[in-house]
Each structure stands twice: as structure tokens, then as C-alpha cells.
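J.: I'd like to ask some things about the structure below.
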Amino acid sequence: MANEKLFNEFEPISTEKWEEVIQKDLKGADYERKLVWRTDEGFKVRPYYRAEDLKDIDYLNALPNEFPYTRSTKITDNAWEIVQEITEEDLVKANQIAIESVKGGATTLSLNVKNVQTTDDWGKLLHGIDLNRVGIQLRHATSYLGIVKSFIAYLDEQKFDKKQIKGDVNFDAIAYCLSHAQFYHSQNEDLQEIIELVKLTASMPHFKVINIQGILLHNGGATIVQELGYALGMANEYLAFATEHGLTIDQIAEKMEFTFSISSNYFMEIAKLRAARLLWATMLEQYHPQNDNGYQIRLNSVASTWNMTIYDPYVNMLRNTTEGMSAALGGADAITLQPFDAAYKDNDEFSRRMSRNPQIILKEESYFDKVVDPAAGSYYIENLTDSIAENAWKLFQSVESEGGIINLILRGDIQKAIEESCQKRNMNIATRKYILLGTNQYPNINESMLDKLGDKKEAKPCAGLKTYRGAAAFEELRLATEKYAQTHGRPKVFLLKIGNLAMRQARAGFVTNFFGCAGYEILDNTGFATVDEGIKAAEAVKADIIVICSSDEEYATLGIEAAKAAKAKGFIFIVAGNPTDSIEALKAAGTDDFIHVKTNVLDCLQHYNSLLLK
């Protein structure tokens, strides 16, 4: 009995039998359209996967810390560094925040070193910080070569063991070129810095000096495949340049790392990190390194800013949590979560604590740090990993066949490709195919944020690839409404609910969400027995817009009657729905618009803001 497999008495069910049942349940509906998801990355995801779908994936038998490192470089546990990002430029204040952050659970500090020049400056910034215990990330330097030299001088002065220092600088000359449409000095001069940085930190094995900025690609609107494929192309440029200028492949590879953004696309982001390690190992293998250290690439993850919102900002905490989970399950080596209010103000003690706590909970209460590669063997995630890697590798090969990514950046091709992806993502937000909770769907209608906007320093616009937030266009609409309401009151949308009870309630809810996204006042009611009662009620409350909420069948009579009556009184009149059989008659009666699930919500609301906010 002990050796018998559980459920042996049950007959296995073939995929063919499952498909027969599915086709029967579909009742003639198109299988591909109904059940197969075509991702933004361009590949298809089936509704289910089985063991047989793993047979062509050749890395599955590799253990953690074995080539091709898909299952991470960890062996005993899934530990990661909890990173606290500190943007404060004042060195003394930044030091106070750093000490507070370490006490609050941070194990790595991401520091703004813009104002650091001397060892005395380092003393102010790092006073009380044990660099043998706490990792350090150096950001916003005007010269990374200069900052590394002064940092090493400080380490020597304080007698730290440089072999124990763990951290990195944010040097990525190619990402700078992508962002600014030109190199900082020149291509050769900027890339030459990597040779000096590698040699300068030769005695610091755990300190990385080239940080490939996949995060820039993501926050510019790139798909996951673009993020990985282009990041790989950037990494390859560094490898090629360094090996052509005297460094061995092992010297350069061991000094490199990637920083990827993690969005709320939960399973895809888990698979992305696994695919990133596979892709790196596959590429590096072509350079024939002499040891395995270079294969063990370090992956930093930073929660997305692209999907952060000003309205309903506490939802950002939920986004942070799921993004942290994806990063942990994907095997990230360091995780940075954004303060929930980062979209509209500088962070404070509370928001910094809220950016650390999800990770502490994931470790201390959910034990996400105990199991290496917990996603291993999942039919779904393994297939996602394989699909992402396959498509990203094809993109990388395409980039290389056209002369490499620097060539394509200088021609503007990379920026153009990402901009096209960006436009698709924006359209998905505008039409609510992609939901930003509290912003383009289910808004808190009475929420006010105009008075909560802080004096957050915005990054200066760059000539190259621009980063943005997906919610920005909707937020601009709503902030304009708030500003207008301070002197005029909010535009009023009156729900003329009549006829079929179920349909009028459903459509009233749709309209509430629709116009709530612009911050309009929604005037609800229990419904009306006649059109005349509804029009009089709208007049009494001085509505700006009347939206009739009923069934398609009743629009042919009640809708036409309401349209004529509303236009006679000077109202904007809208029908909730798409009653194809009576659209022309409704238009002839005076209907101004039809709103339904296929409507471009953003375009529609921008139109009404232009009419009403005068």
C-alpha cells in the first residue's frame, strides 16, 4: 500500500477528452477568441496546460544553481535583500532616514549620492551604518567613476574589508543614451569607463559596477519581451566592448547585474525573472567563460511606477504586495517596493515603512524566503518562462543582426518600437481592457486629491525614451474637474433610470463608474415611472448631463421620448448602451452620445471636460 500511487483506481483523462468537453461547453463559440489569451508580447497563452506541455522544455531537469540557472542561483533558501530607496539629497537627513530604515527591516540602502564628493561627505551619509552587514546601492552620481574612487577611499579610511562590501552603482551608459538620445560624453569615452570601474573594484567581488536598466524600458511602455530582449542587447554591448579592450569575459561578467521593473501581471513577472537568468546564461555561454561566477547574474527588482496612481493611492499598497510576491517567487536577489504615495509627493516615514513591511510579511509570516524556486514544475509558469525566453531571444537576435542596440538607439528604432507598445498599453487603459483600480474603473467618486499633491520634484523631460505612468491622462482629467469644482461645483450627471429593473440598475452602475473616472457628481435615484418625471427631476437638481438607463428594447420608445424631452430643455442627452436597432432613431431624436463597454472612456471624458469645464 505504501508504494501505491494515490488515485491509481481512477482512469487518466486524455487532453482530447478534455477538449471535447470544452468544445461542448462552448456551444459553437470560437475557442481561440473565448479561451486563448494573446499577450502584449505577441504569443498565445492557452487556457490550461498539462504535463505533456513540458516535454520540449529542456532546462527542467537542472537543479537550482545549475546551468542555465533558470531556477536561480540560490541553494539553501530563497532569501533576498529588502531595499530601502532614499532619495533625500541632504546627507545628514539621508543618514537619519538610513538608520531608521535599517532598524525597520531594510537590509540594503539605495542612496542618493549626488552631493557626495569627499570622505567627509561619506562619513555624514554613512555614519552608524555597518557596511559589513548592510548592502549599499549608489544612485544619482554625476560621475560614477569619481563616486567609486571616493567610496573606496572612505572604505580604506574606515578600515572596512572591501571583500565583504555588497552593493552596486547605477552605471549604464547605454541606458543614458536611450533616455537622452546621446551619450554623456561620447560612446567610446562612456564605455571606456566600464574598463576603469571593473579594474578599480577588482578587490570587491560583491560590488557590481554595470547595472543594466531594464526598468527604464518597462516604465517607457515596453512589453516584457522588449524589456528582456533589449536589456540583453545592452548587456551584450558591454561584454563585447570590454573583451575587445583587454578584460576577460569573467572579469566583466562578474561585475554586471540587471535591474528589472516588476508590474502587477503576477505570473508573467514571475516567469520574466526566471527567463532573464536563462537568457543571460545562454548568451554568456557564447563567450566561453572560464568559471561559473559570471553565469550567476544578480537580479534587482523594483516595483513598477508605470501602474502607480494618484487617486485611491492605498491601492498602490496592494500593487506593491503582489509585485513583491512576483519578485520573490521569481527569485530576485534584491527587491525595492515603491512608497504608495510616490506618484504625488515625496515619501515620509510612514510611506517608507509601508514600502518595507510587505516584504517583511512575505518573509516572516508567509515564508517566501524558505523555498528555492517555488514556481518550479508549474505547467503554466514553466510554459510562460519558455515562451517569454523564446520570444525575447528572437528579439535579441534581431537586434544583433541589425548592428546591435547602440546602433538602433542612435537611429531611434528602439524608441519607436517601445513607443508603439506604449500606445497599445495606453489604448488598453483608455478602453478599460487594462484596469487601474480607482482610476479608470471603480473610482471613489467623492475622493479629493488636489489638496494632497505635494511639492514632488519631477524629473526633467529627456530627448530620448520617456517614462510615464499609465494613469496620468485619467488623473489629468480628474484634477481638472477638482480645480473647476472649487469655484463652480462639479459637473452633474443625472441617471434617468426607467423600465426594466435589472437592466436599468446594471447600466446605472456602469454610468456611475464611467463618469466617476472624471470626478463628476452622479445623481442617482430609485427610478421613474415616466420620462416626464425623470426630466423634471433632472431640472430640479440642475443636471448637466442626463443618461438614460434602461434596456435596448425600451430605448426604441422610452429612449426616443426622453431624447426629445431632454434636448427641448437644453440637456446633454446620453444613452447607456449600444442599441444597434434604434441608434439612428435615437440620434434623430437628439441623442448626443452612446456609452458602452467598447467606448474609449478617456476620449469620451476628455470631450465632456472640454464642453463642461469652461
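J.: Can you name the condition, by its number, that GLU533 falls short on among (1) among the acidic types (Asp, Glu); (2) more than 30 Å from GLN226 (Cβ to Cβ); (3) in contact (Cβ under 8 Å) with a residue 12 or more places away in the chain?
T.: Of everything listed in (1) among the acidic types (Asp, Glu); (2) more than 30 Å from GLN226 (Cβ to Cβ); (3) in contact (Cβ under 8 Å) with a residue 12 or more places away in the chain, GLU533 misses just condition (3).
J.: Another question about this same structure. Name the single residue that is nearest to MET268 (Cα to Cα) among those in the range 57-76 being exposed (fewer than 14 other Cβ atoms within 10 Å of the Cβ) and free of Cβ contacts under 8 Å to residues at least 40 places away in the same chain.
T.: Ranking the qualifying residues of the range 57-76, first place goes to ASP58.
J.: Same structure again: All but one of (1) surrounded by 24 or more Cβ atoms within 10 Å (Cβ to Cβ); (2) within 30 Å of ALA175 (Cα to Cα) hold for CYS549; state the number of the condition that does not hold.
T.: Condition (2) is where CYS549 drops out.
J.: Also: Could you please find all residues in the range 321-354 being under 21 Å from ILE381 (Cα atoms), among the polar types (S, T, N, Q) and either buried (at least 24 other Cβ atoms within 10 Å of the Cβ) or out of contact with any helix residue (DSSP H, G or I) (no Cβ under 7 Å at 6 or more places or on another chain) (or both)?
T.: SER326
J.: Among the residues of the range 259-314 satisfying the criterion of being of a type in the set (Asp, Glu) and out of contact with any helix residue (DSSP H, G or I) (no Cβ under 9 Å at 6 or more places or on another chain), which is nearest to PRO64 (Cα to Cα)?
T.: Here the answer is ASP292.
J.: Further question: If a residue must be of a type in the set (A, V, I, L, M) and either surrounded by 22 or more Cβ atoms within 10 Å (Cβ to Cβ) or within 31 Å of the chain's Cα centre (by Cα) (or both), how many such residues does the range 509-530 contain?
T.: 2
J.: Just give me the residues in the range 82-95 being closer than 30 Å to THR282 by Cβ and surrounded by fewer than 21 Cβ atoms within 10 Å (Cβ to Cβ), in sequence order.
T.: none
J.: Mind checking whether some residue in the range 204-226 is buried (at least 20 other Cβ atoms within 10 Å of the Cβ), more than 30 Å from MET308 (Cα to Cα) and not aromatic (Phe, Trp, Tyr)?
T.: For the range 204-226, residues buried (at least 20 other Cβ atoms within 10 Å of the Cβ), more than 30 Å from MET308 (Cα to Cα) and not aromatic (Phe, Trp, Tyr): present.
J.: So which pairs qualify, if the first residue must be in the range 177-202 and under 30 Å from LYS162 (Cα atoms) and surrounded by 14 or more Cβ atoms within 10 Å (Cβ to Cβ), the second must be at pLDDT below 95 and not aromatic (Phe, Trp, Tyr), the Cβ gap must be under 6 Å, and the two must be at least 6 apart or on different chains?
T.: The qualifying pairs do not exist here.
J.: Return the residues of the range 165-187 that are within 29 Å of PRO205 (Cβ to Cβ), of a type in the set (Gly, Ala, Ser) and not in a strand (DSSP E or B); say none if nothing qualifies.
T.: If the condition is that a residue be within 29 Å of PRO205 (Cβ to Cβ), of a type in the set (Gly, Ala, Ser) and not in a strand (DSSP E or B), then ALA173, ALA175 are the ones that fit.
J.: How many residues does the range 130-139 contain that are buried (at least 17 other Cβ atoms within 10 Å of the Cβ) and either within 18 Å of LYS163 (Cα to Cα) or over 24 Å from the mean Cα position of the chain (by Cα) (or both)?
T.: Residues in the range 130-139 being buried (at least 17 other Cβ atoms within 10 Å of the Cβ) and either within 18 Å of LYS163 (Cα to Cα) or over 24 Å from the mean Cα position of the chain (by Cα) (or both): 6 in total.
J.: Going residue by residue through the range 277-298, is there one that turns out to be surrounded by 24 or more Cβ atoms within 10 Å (Cβ to Cβ), out of contact with any Lys or Arg (no Cβ under 9 Å at 6 or more places or on another chain), among the charged types (D, E, K, R) and in a helix (DSSP H, G or I)?
T.: no
J.: Can you name the residue in the range 149-176 that is in contact with a helix residue (DSSP H, G or I) (Cβ under 6 Å, 6 or more places away or on another chain) and surrounded by 16 or more Cβ atoms within 10 Å (Cβ to Cβ) and is also nearest to ASN300 (Cα to Cα) among such residues?
T.: This residue is VAL169.
J.: Here is a follow-up. When GLN415 is evaluated against the numbered criteria (1) over 20 Å from VAL511 (Cα atoms); (2) in a loop (DSSP other than H, G, I, E, B), which criterion, by number, is the only one it fails?
T.: (2)
J.: For the range 421-456, enumerate the residues that are hydrophobic (A, V, I, L, M, F, W, C) and under 15 Å from TYR468 (Cβ atoms).
T.: CYS422, MET427, ILE429, ALA430, LEU436
J.: Within the range 37-65, count every residue that is farther than 13 Å from ASN383 by Cβ and in contact with a strand residue (DSSP E or B) (Cβ under 7 Å, 6 or more places away or on another chain).
T.: So the count comes out to 1.
To keep it simple, each residue is scored yes or no on (1) in contact (Cβ under 8 Å) with a residue 40 or more places away in the chain; (2) surrounded by 15 or more Cβ atoms within 10 Å (Cβ to Cβ); (3) farther than 17 Å from HIS607 by Cα.
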residue	(1), (2), (3)
GLU447	yes, yes, yes
ALA463	yes, no, yes
GLU476	no, no, no
ARG490	no, yes, no
PHE494	yes, yes, yes
ALA502	no, no, yes
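J.: Can you name the residue in the range 310-339 that is aliphatic (A, V, I, L, M) and part of a strand (DSSP E or B) and is also farthest from ARG353 (Cα to Cα) among such residues?
T.: ALA334
J.: If we scan the range 440-447, do we find a residue that is farther than 21 Å from SER304 by Cα and in contact with a Lys or Arg (Cβ under 6 Å, 6 or more places away or on another chain)?
T.: Within the range 440-447, none of the residues are farther than 21 Å from SER304 by Cα and in contact with a Lys or Arg (Cβ under 6 Å, 6 or more places away or on another chain).
J.: Could you check how many residues of the range 205-225 are β-branched (Val, Ile, Thr), within 19 Å of the chain's Cα centre (by Cα) and assigned to a loop (DSSP other than H, G, I, E, B)?
T.: Of the residues in the range 205-225, 1 are β-branched (Val, Ile, Thr), within 19 Å of the chain's Cα centre (by Cα) and assigned to a loop (DSSP other than H, G, I, E, B).
J.: Continuing with this model, one more query. Residues in the range 365-386: is at least one free of Cβ contacts under 8 Å to residues at least 40 places away in the same chain and assigned to a helix (DSSP H, G or I)?
T.: No, that holds for no residue.
J.: Can you tell me how many residues in the range 567-601 are free of Cβ contacts under 8 Å to residues at least 60 places away in the same chain and part of a helix (DSSP H, G or I)?
T.: 12
J.: Output the number of the condition that MET317 fails; it satisfies all remaining conditions of (1) crowded, with 20+ Cβ neighbours inside 10 Å; (2) under 17 Å from the mean Cα position of the chain (by Cα).
T.: For MET317, the failing item is (1).
J.: Next up: Scan the range 28-71 residue by residue and report those that are among the polar types (S, T, N, Q) and part of a helix (DSSP H, G or I).
T.: Those that are among the polar types (S, T, N, Q) and part of a helix (DSSP H, G or I): none in the range 28-71.
J.: Just checking, does the range 372-382 include any residue being more than 23 Å from ALA276 (Cα to Cα), in contact with a helix residue (DSSP H, G or I) (Cβ under 9 Å, 6 or more places away or on another chain) and surrounded by fewer than 16 Cβ atoms within 10 Å (Cβ to Cβ)?
T.: no
J.: Which residue pairs have Cβ atoms under 6 Å apart, sit 6 or more places apart or on different chains, and have a first residue in the range 103-129 that is without any contact (Cβ under 8 Å) to a residue 24 or more places away in the chain and part of a loop (DSSP other than H, G, I, E, B) and a second that is of a type in the set (D, E, K, R) and crowded, with 17+ Cβ neighbours inside 10 Å?
T.: Within 6 Å, no pair qualifies.
J.: Of the conditions (1) of a type in the set (Val, Ile, Thr); (2) loosely packed, with under 12 Cβ neighbours inside 10 Å; (3) in contact with a strand residue (DSSP E or B) (Cβ under 7 Å, 6 or more places away or on another chain), VAL21 satisfies every one except a single condition; which number is it?
T.: (3)
The values are calculated or read from the model by the stated rules, or taken from the named source; none is laboratory data. All of these numbers come straight from a predicted model, not from anything done at the bench. Using ideal geometry, Cβ is built from the backbone for each residue, glycine included, and neighbour counts are taken over all protein chains shown.
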